[in-house]
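Undergrad: What follows is a structure written as structure tokens; I'll ask about it next.
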Amino acid sequence: MDFSHLTQDRLRTLGLLDRGRLGNWIGGRTVPAQAGRHLDVSDPATGLRVAEVADSDAADVALAVQAAQRAFASAAWRGLRPADRERLLCRLADLIEAHGEELAALETLESGKLLGVARAIDVGAGAEHVRYMAGWATKIEGSTLDTSIGFPPGVGYHAYTVREPVGVVAAIVPWNFPLAIALWKVAPALACGCTVVLKPAPETPLTALRLAELAQLAGLPDGVLNVVTGGAEAGEALVAHTGVRKISFTGSTGVGRAIGHTALDRMARFSLELGGKSPLIIFDDMDPVRAAEGAAQGIFFNQGQVCTAGSRVYVQRRHFDAVLEALAAQAAQLRLGSGFDPATQVGPLVSQRHLLRVQAHVQQAREEGARVVAGGRRGLDSGFFMQPTVLADTHAGMRIVRDEVFGPVVAVMPFDTVDEAVELANASDYGLAASVWSNDLSRVHRVVPRLQAGIVWVNTHNMLDNNLPFGGVKQSGYGRDLGRSAIEQFTELKSVCVAY
């Protein structure tokens, strides 16, 4: 099936056909790549090139960090009241909504996701997040503390703490929700008074560049938000730059581990939201059809390209066959297509390279003895589509159960007892998320504390809120996004002791 006409229509509407090469956004203006290198951005539904962006190197990164350093020290930014920062962020949220159709179309064009998902998550929830964090700008607080200092006699002490912005922040974001996750990092950093160098994934740079332009329209001073595009070279230079005081990264565990080592070498602050292999535990008091619907949403949403995707489903044995059958039937009925087609239910994977990676995972599972109950193959002849895939006859020793696939592939396995379910769920190097499906609240409240995960859902999956801290344990990361925790990530705590 050919979706190229949908892509061409959006390119004309967005004006990308006439824009030529896109540079970095540094110091409030577009700056060409210093070495003149560029990367192609492709539409995953067709493979067509839709834009050309800067392939940045250390020289480009240095310009961006210098601009952020100047802005951090400037009266134009440091002199703003918290209420002024709040107002600027609220203006940015308004502009994100006003340009919502454009931003959503860019998201679909570069990532392949459904246009409705881009509207709801990256634009709608993204703007809500900016407003939520804008409110924190006027609520950052310290404490007054009693002291027991008794020397010298006759001297009193007044002690208190203040939270101060950490400085220049490197925000490195993935390609699955590029605008939403960029806002997760940019909004709290700006609310705290930091300045930012944002590096989007090489596959999905377009919304980051447009966000920077909108931030300028909102009134942010030059250099407060900068964007450098490119691949690993740009990311490594940004992480290693001594002018960066805080690194906020969302992506793979392997890259996150390397970032953590580099940051520790120079004692830069860092937070890492990394991979996951999230379990769903379905107990036999749940309706099998409803449970299967929840499992389908947990794994096939955004083509399974979600760090919390429910890629391991454990079903109590009495309902195992019924849940497996219902989940396979739902997978087989999902319609693949371009994210711009309203009838599409599952879009393409982000790139040809990623499609081949997901296919390799499924093929290895077959070789290790897994049974393909639904899907298992490339979805369409053109574009980077993968069939929604349900696997059975899998076990904890298989790579398909251990490794993050980041695609629409789920392994379904039986269990008998509560203890067995908890043991299976925790038998992973990851610990980002989990969900428990049961109508027995007593059992739920016994199971939840035993699960090794940063967030646990009950009778739902993949639900986030701006006020709910998000992050993982074990190999799934360090630190938290969202909520008050995000403010703590971008500030340093200073203690003050005054003698009188």
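The values are calculated or read from the model by the stated rules, or taken from the named source; none is laboratory data. All of these numbers come straight from a predicted model, not from anything done at the bench. When we count neighbours, we look across all protein chains shown, and the Cβ atoms used for this are built from the backbone with ideal geometry, even at glycine. The accessibility values were calculated without ligands, DNA or RNA, using every heavy atom of the protein model including side chains. Shrake-Rupley method; radii C 1.70, N 1.55, O 1.52, S 1.80 Å.
Undergrad: For residue 366 and residue 157 in the same chain, what is the full-extension length gain: residue separation times 0.36 nm, less their Cα-Cα distance, in nm?
TA: Net length gain for the segment: 68.2 nm.
Undergrad: Put a dot 7 Å past each Cα toward the Cβ at residue 443 and residue 217; how far apart are the dots in nm?
TA: Distance between label points: 5.3 nm.
Undergrad: Still on this structure, please answer the following. On a 1.4 Å probe surface of the protein chains, which of 172, 149 comes out largest in accessible area, and what is the full order?
TA: My answer, sorted largest first, is 149, 172.
Undergrad: Here is a follow-up. Do the alpha carbons of any pairs in 113/246; 246/277; 139/246; 139/277; 113/474; 185/494 sit beyond 24 Å of each other, and which pairs?
TA: Over 24 Å apart, Cα to Cα: 113/246; 246/277; 139/277; 113/474.
Undergrad: On to the next question. Would you mind calculating the relative contact order of the chain from Cα pairs under 8 angstrom and at least 6 residues apart, reporting the percent as a whole number?
TA: Result for the chain is 18 percent.
Undergrad: Here's a follow-up. Residue 232 to residue 30: extension gain in nm, 0.36 nm per residue of separation minus the Cα-Cα distance?
TA: 70.6 nm
Undergrad: How much net charge surrounds residue 122 when only other residues with a Cβ under 10 Å from its Cβ are counted (Lys, Arg +1; Asp, Glu -1)?
TA: It works out to a net charge of +1.
Undergrad: How do 375-381, 474-480 rank on mean C-beta neighbours within 10 Å, highest first?
TA: The packing order, highest mean first, is 474-480, 375-381.
Undergrad: Oh, and also: Put +1 on the Cβ of each Lys and Arg and -1 on the Cβ of each Asp and Glu in the chain; which of 424, 183, 82 then has its Cα farthest toward the positive end of the dipole?
TA: About the Cα centre, the residue reaching furthest to the positive side is 82.
Undergrad: Another question, then. Starting from 0.36 nm per residue, how many nanometres of slack lie between residue 290 and residue 357 once their C-alpha separation is accounted for?
TA: 21.0 nm
Undergrad: Also: Can you pull the percent of segment 369-488's accessible area that's carbon plus sulfur, 1.4 Å probe, other chains left in place?
TA: Here carbon and sulfur together make up 46 percent of the probe-accessible area.
Undergrad: Tell me the net charge near residue 387. Cut-off is 9 Å between Cβ atoms, residue 387 excluded, with +1 for each Lys or Arg and -1 for each Asp or Glu.
TA: For residues surrounding residue 387, the net value is +2.
Undergrad: Roughly what % antiparallel, to the nearest 5, for the DSSP beta bridges in segment 352-500?
TA: 50 percent
Undergrad: Could you derive backbone 3J(HN,Hα) for segment 194-202 from the dihedral phi with the Karplus parameters 6.51, -1.76 and 1.60 (θ = phi - 60°), listing whole Hz in sequence and x where the residue is Gly or Pro?
TA: After applying 6.51 cos²θ - 1.76 cosθ + 1.60, I find 6, 10, 9, 10, 9, 10, x, 5, x Hz.
Undergrad: Also: Indicate, rounded to the nearest 5 percent, the antiparallel portion of the DSSP beta bridges found entirely in the chain.
TA: 45 percent
Undergrad: Another question about this same structure. Mind listing the long-range amide H neighbours of residue 311? Cut-off is under 5 Å, sequence gap 5 or more, other chains count too, H placed in the peptide plane at 1.01 Å from N.
TA: Here 278 satisfy the definition.
Undergrad: In nm, to one decimal, how far is the modelled label at residue 98 from the one at residue 395, with both set 7 Å along Cα→Cβ?
TA: For the pair residue 98/residue 395, the computed spacing is 6.2 nm.
Undergrad: For the chain, find the longest principal axis of its Cα atoms and tell me its angle to the long axis of helix 352-367, 0 to 90°, nearest 10.
TA: Result, in degrees: 50.
Undergrad: Count the net charge of all other residues whose Cβ sits under 15 Å from the Cβ of residue 324, scoring Lys and Arg as +1 and Asp and Glu as -1.
TA: -1
Undergrad: Taking the Cα centre of each part, how many Å lie between segment 369-388 and segment 225-301?
TA: 25 Å
Undergrad: I've got another one for you. Any chance you could list P(r) for the chain, counting all Cα-Cα pairs in 10 angstrom bins from zero, rounded to whole %?
TA: 4, 19, 28, 25, 15, 6, 2, 1, 0
Undergrad: What is the dipole size for the chain, taken about its Cα centre, with +1 at each Lys and Arg Cβ and -1 at each Asp and Glu Cβ, in debye to the nearest 20?
TA: The calculation lands at about 900 debye.
Undergrad: Could you run the Karplus curve 6.51 cos²θ - 1.76 cosθ + 1.60 with θ = phi - 60° over segment 51-61 and give me ³J(HN,Hα) per residue in whole Hz, x for Gly and Pro?
TA: Listing the rounded values in order: 6, 10, 10, 5, 9, 6, 10, 4, 5, 5, 4 Hz.
Undergrad: While we're on this one: Over the Cα atoms, compute the radius of gyration (one decimal) and Dmax (the largest Cα-Cα distance, rounded to a whole number) for segment 1-120, in Å.
TA: In order Rg, Dmax, the Cα atoms of segment 1-120 give 17.7, 56 Å.
Undergrad: Residues of the chain: accessible area per residue at 1.4 Å, in Å²?
TA: Heavy-atom SASA per residue in the chain reads 40 Å².
Undergrad: Expressed as an acute angle from 0 to 90° and rounded to the nearest 10, what is the orientation of the C-alpha long axis of helix 206-218 relative to the principal long axis of the chain?
TA: With both axes taken from Cα atoms, the answer is about 40 degrees.
Undergrad: Can I ask one more? Kindly work out what percent of the DSSP beta bridges joining two residues of segment 2-100 are antiparallel, to the nearest 5.
TA: Just about 80 percent of them are antiparallel.
Undergrad: Leaving out ligands, DNA and RNA, and with a 1.4 Å probe, what % of the accessible surface on segment 228-348 is carbon or sulfur?
TA: Reported share for carbon and sulfur atoms: 55 percent.
Undergrad: Return one number: the angle in degrees, 0 to 90 and rounded to the nearest 10, between the long axis of the Cα atoms of helix 100-111 and the longest principal axis of the Cα atoms of the chain.
TA: On a 0 to 90 degree scale, this one is about 60.
Undergrad: Separate question: Rounded to whole Hz and in sequence order, give me ³J(HN,Hα) for segment 466-477 from the Karplus expression 6.51 cos²θ - 1.76 cosθ + 1.60, θ = phi - 60°, writing x for Gly and Pro.
TA: Whole-Hz 3J(HN,Hα) from phi for segment 466-477: 4, 8, 9, x, 10, x, x, 10, 6, 7, 8, x.
Undergrad: Moving on. Normalise the Cα radius of gyration of segment 215-321 by 2.2 N^0.38 Å (N = residues in it) and let me know the number.
TA: 1.59
Undergrad: Counting pairs of alpha carbon atoms under 8 Å apart in space and at least six apart in sequence, what relative contact order in percent does segment 170-306 give?
TA: Value for segment 170-306: 23 percent.
Undergrad: Amide H to amide H, which residues 5 or more places from residue 380 or on other chains are under 5 Å from it, using H placed in the peptide plane?
TA: 385
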